[in-house]
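See below for the structure under consideration.
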Number of protein chains: 2
Amino acid sequence: MIGGRWKLLILCKLENGKLRFSELRNQINGITERMLTLQLRELEKEGLLKRNVYPEVPPRVDYELTEIAKELVPIWSQLSDWGGKHRKLMDTQTPK
Amino acid sequence: MIGGRWKLLILCKLENGKLRFSELRNQINGITERMLTLQLRELEKEGLLKRNVYPEVPPRVDYELTEIAKELVPIWSQLSDWGGKHRKLMDTQTPK
DNA sequence: TATGGTACGAACAAATTTGTCAGTTATGGG
DNA sequence: CCCATAACTGACAAATTTGTTCGTACCATA
């Protein structure tokens, strides 16, 4: 469910609260609008995030983690710690 | 590093000790020899598992988790717990 | 009337990951 | 000599994921 190039990254950005589409786009280096849309849609379908549309002009939409996704936060933070600890291992694949 | 369709599965199988190539092949439903080889090679390069070749005939090779990979065990077991707890969420993608 | 910002969608192409299938090596047993 | 076995390897194809480029609706403002 959280596989692929962007999903974990998106979820992490939402760890500290709601973000708008454009905020996510700006914070995630290299993602295209298309990919962001696709991934957000999938995460929504999977029940990991909630999409809020505000009926304004210009349009405003934001995203937030569901309760279920919040339970994952401590887990991926452990993964992140592991990654930090064994950083050298990852040099083979981080260059890009 | 542990992304893709097979890697976590392979690592999980090795949680309780060494397994031979053929044992992995038999325990992992649906994997082809080619995929198993490729994934094992990558996991080895990444430093997550160790390959032992015994100079016998017929040939024997087995694989085991490295210390570093063992540190990941509790983490993916938490992921697994999370999955069990929210199983209904996953019905969308488990059918196959 | 023309322009701009926001959050997309659609058509298509490129790249990456998986899968299929047919070998290969090495050696002891019949 | 021929066969069987374990663990692969290589050529190629199919499927999946990502990326590129353009277009849309909406209304406010100049």
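Throughout, read-outs are computed from the coordinates displayed, never taken from laboratory work. Since the model is a prediction, treat every value here as computed from it, not as a measurement. A quick note on method: Cβ atoms are made from the backbone with ideal geometry, for glycine too, and the neighbour counts reach across all protein chains shown.
Restricting to segment B:19-44, name every residue that is surrounded by 13 or more Cβ atoms within 10 Å (Cβ to Cβ) and not in a helix (DSSP H, G or I).
Once the filter is applied, which keeps residues that are surrounded by 13 or more Cβ atoms within 10 Å (Cβ to Cβ) and not in a helix (DSSP H, G or I), segment B:19-44 yields B:L19, B:R20, B:I28, B:I31.
Out of (1) away from chain B (no Cβ under 14 Å); (2) within 16 Å of DNA strand D (Cβ to nearest atom); (3) touching a residue at least 24 places away in the same chain (Cβ under 8 Å), the odd one out for A:P58 is which?
A:P58 satisfies every listed condition except (3).
Since A:E64 meets every condition but one in (1) loosely packed, with under 11 Cβ neighbours inside 10 Å; (2) outside any helix (DSSP H, G or I); (3) of a type in the set (D, E, K, R), which condition does it not meet?
(1)
How many residues are farther than 18 Å from A:Q78 by Cβ and surrounded by 15 or more Cβ atoms within 10 Å (Cβ to Cβ) if we restrict to segment A:3-12?
The qualifying residues number 2.
Looking at B:G47, B:G83, which is the one that is assigned to a loop (DSSP other than H, G, I, E, B) and within 10 Å of another protein chain (Cβ to nearest Cβ)? Write out each step before concluding.
Working: B:G83 fails: assigned to a loop (DSSP other than H, G, I, E, B).
None of the other options fit; the residue is B:G47.
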